[in-house]
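Read through the structure below, which is laid out as structure tokens, and then see the notes.
The values are calculated or read from the model by the stated rules, or taken from the named source; none is laboratory data. Note that this is a predicted model, so its numbers are computed, not measured. Note: ideal-geometry Cβ built from the backbone for every residue, glycine included; neighbour counts use all protein chains shown. Remember, those area values only see protein heavy atoms, side chains included, never the ligands or the DNA or RNA. Shrake-Rupley method; radii C 1.70, N 1.55, O 1.52, S 1.80 Å.
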Amino acid sequence: MYVAVKGGEAAIRNAHALLAKRRRGEESVPEIGLDQIAGQLSLAVDRVMAEGSLYDRELAALAIKQARGDLIEAIFLARAFRTTLPRFGASVPVDTGAMRIERRISATFKDLPGGQVLGPTFDYTHRLMDERLATNAAGAPSPLEVGFCRLRPPRTELGSSRVRAGEDWGEGEELREAEAALAQGSLPSPPAPLPQGKRGDTRMPRVTDLLGDEGLIEASPADDGTPPRDLTREPLSFPADRPLRLQALARGDEGFLLALGYSTQRGYARTHPFVGEIRFGTVEVSLPVEELGFAVPLGDIAVTECQSVNQFKGSATEPPQFTRGYGLVFGQSERKAMSMALVDRALRFQELGEEKSAPAQDQEFVLSHCDNVQATGFVEHLKLPHYVDFQAELDLIRRMRAEAEIADEMKEAAE
């Protein structure tokens, strides 16, 4: 006989106490601080901010600590906290063209205005375990690893943007400085950052702009002044236009979008793009103030932007040209931004007159299942008490079996 469990509240309190003990870990080990999580587990913090749709490094670090490192649980905590916050207004669209870049690469042009800025990345590591990290002995990288990783802009012209080689880049100067510093047992200073954005008043052109100058890629959609729907305040409805789709993808689960993006590359939507550009850095956020008549800067946030360049054979109304896929997320999350760009391009099949043939092109399937908070709730609710429901199913199965046995007995008797 299945009966409801008694004393549930006491058991839940004990479970909370055990959870707190497990979260703390061995008490002889110093407790991890939020500053350590934010500084040393920065990519995990970036993911929680992106998929929790709340940009606050300290709160994201707190959520990770409270969730014992379970990032989806941490994202759930961030989303729940977000619902308690008042909204004062909407910022003006951020200008990623004025980004103060920390990393910027292109897979389409080797030599491009501003150069390739490798920045902090795992792309060029050998994926070998660094045993020094286990004993905190790794410390700072060696001078030659500090990385003079900015490729010098070439003295050339590309498209309509003239490239100006920096006169302050001495030939071999950086390497000589590194060798001299190494001989003295110290670290050389890394190259000064490129002047960019509003502070430097020097914009770094996008690769897609270079293609656009020759008319080889579709134009960026014009802003018609219509405010986009707000996914955080309105329920998702279909059909969803591109701004709403991009909102959903930006806070969608990275693993889900990665799998969908991968599927498009393997033939389920025939999408195998070039990465026109990935850039990571900080952009300024401003809030328009009606009383002043202009926008007031609130601060900077870190974002990753990906623009993919996709082949397009043309249609009855459009000539053969490249098309775009777009991804933009909080923090440094290149895998997420690239996956987002792949799925964004796949979801545009209808406006480009392409045939729908794959799951990644089905906006209801993609957008209804990419949210990991919703997915977690629906999957994990299965472990909550279903005693009454199961009892009903159990009684039904027993009754059906009894009826089947009676029918068999009647059949045998008739024979």
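Let me confirm something: among Phe76, Phe88, Phe81, which residue is open to solvent by 80 Å² or more (accessible area, probe 1.4 Å) and in contact with a Ser or Thr (Cβ under 7 Å, 6 or more places away or on another chain)? Let's see the steps before the verdict.
On the way: Phe88 fails: in contact with a Ser or Thr (Cβ under 7 Å, 6 or more places away or on another chain); Phe81 fails: in contact with a Ser or Thr (Cβ under 7 Å, 6 or more places away or on another chain).
Result of the check over Phe76, Phe88, Phe81: Phe76.
Of the residues that make up region 319-326, is at least one closer than 26 Å to Phe109 by Cα, open to solvent by less than 40 Å² (accessible area, probe 1.4 Å) and basic (Lys, Arg)? Even if it seems obvious, please write down each step before you answer.
Residues of region 319-326 closer than 26 Å to Phe109 by Cα: 319-326.
Add one more test, that the residue is open to solvent by less than 40 Å² (accessible area, probe 1.4 Å), and what stays is 321, 323-325.
Checking the rest, the ones that are also basic (Lys, Arg) come to 324.
Yes, region 319-326 contains at least one residue that is closer than 26 Å to Phe109 by Cα, open to solvent by less than 40 Å² (accessible area, probe 1.4 Å) and basic (Lys, Arg).
Among the residues of region 289-297, is there at least one that is open to solvent by less than 20 Å² (accessible area, probe 1.4 Å) and either in contact (Cβ under 8 Å) with a residue 12 or more places away in the chain or within 15 Å of Val329 (Cα to Cα) (or both)?
no
Run Thr264 past the list (1) free of Cβ contacts under 8 Å to residues at least 12 places away in the same chain; (2) buried (at least 18 other Cβ atoms within 10 Å of the Cβ) and report the number of the one that doesn't hold.
Result: Thr264 passes all but (1).
Please go through region 111-145 and give me each residue that is open to solvent by less than 60 Å² (accessible area, probe 1.4 Å) and either of a type in the set (A, V, I, L, M) or at pLDDT 85 or above (or both), ordered by number.
Passing the criteria: Leu112, Gln116, Val117, Leu118, Gly119, Thr121, Ala138.
Going by the structure shown, is Leu210 touching a helix residue (DSSP H, G or I) at 6+ places or on another chain (Cβ under 9 Å) and either at pLDDT below 85 or of a type outside the set (S, T, N, Q) (or both)? So that I can check it myself, show each step before the final result.
On the way: touching a helix residue (DSSP H, G or I) at 6+ places or on another chain (Cβ under 9 Å): no; either at pLDDT below 85 or of a type outside the set (S, T, N, Q) (or both): yes.
It is false that Leu210 is touching a helix residue (DSSP H, G or I) at 6+ places or on another chain (Cβ under 9 Å) and either at pLDDT below 85 or of a type outside the set (S, T, N, Q) (or both).
List the helices (runs of 4 or more DSSP H) that sit entirely inside region 5-51 and contain at least 2 residues that are touching a strand residue (DSSP E or B) at 6+ places or on another chain (Cβ under 6 Å).
42-51
Considering only region 96-105, I want to know if a residue exists there that is closer than 30 Å to Glu290 by Cβ, open to solvent by 20 Å² or more (accessible area, probe 1.4 Å) and touching a helix residue (DSSP H, G or I) at 6+ places or on another chain (Cβ under 9 Å).
So far as region 96-105 goes, yes, one or more of its residues are closer than 30 Å to Glu290 by Cβ, open to solvent by 20 Å² or more (accessible area, probe 1.4 Å) and touching a helix residue (DSSP H, G or I) at 6+ places or on another chain (Cβ under 9 Å).
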